[in-house]
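Undergrad: Have a look at this one before I ask anything.
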Amino acid sequence: QVQLVESGGGLVQAGGSLTLSCTASRRSINFHVMGWYRQAPAQKRELAATMDYAGVKQYTDSVKGRFSISRDNVKKMVTLQMNSLKPEDTGVYYCYANFFGTEYWGQGTQVTVSS
């Protein structure tokens, strides 16, 4: 069984920064994709940013230029640096990992951006 353990998140004023980190409990798996999804209140869960094993990154349009994703394939860790945060970035952020089509999710961490 794989667990994704998240840290970071919290309350920040608009324009501020936060860093989310996630580490997988099993070091023996080379996840094809690791990243972050988010879910705003009463909204569907959406991709925020992902990064594949080769280093190819994907961002949703609304965070491009503000968020930066990185991963450590040895430590099985993925980090999301969030800058210039906006109130619309508020939501629960979920760590995500994919291994040959099997998806793993973290428990979610709350990010709240006040105006």
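The values are calculated or read from the model by the stated rules, or taken from the named source; none is laboratory data. None of these values were measured; they are calculated from a predicted model. Cβ atoms come from the backbone with ideal geometry, glycine included; neighbour counts cover every protein chain shown. Heads up: the accessible areas ignore ligands, DNA and RNA and are worked out on the full protein's heavy atoms, side chains in. Shrake-Rupley method; radii C 1.70, N 1.55, O 1.52, S 1.80 Å.
Undergrad: Residues in region 44-62 that are among the charged types (D, E, K, R), over 14 Å from Thr79 (Cα atoms) and without any contact (Cβ under 8 Å) to a residue 24 or more places away in the chain: how many?
TA: 3
Undergrad: Which condition number in (1) open to solvent by 30 Å² or more (accessible area, probe 1.4 Å); (2) of a type in the set (Phe, Trp, Tyr); (3) touching a Lys or Arg at 6+ places or on another chain (Cβ under 9 Å) is the one that Tyr93 fails?
TA: The one condition Tyr93 does not meet is (1).
Undergrad: While we're looking at this one, here's another question. Do you know which residues across region 82-104 are closer than 18 Å to Asp61 by Cβ and within 14 Å of the chain's Cα centre (by Cα)?
TA: Met82, Asn83, Asp89, Thr90, Gly91, Tyr93 - these are the residues of region 82-104 that are closer than 18 Å to Asp61 by Cβ and within 14 Å of the chain's Cα centre (by Cα).
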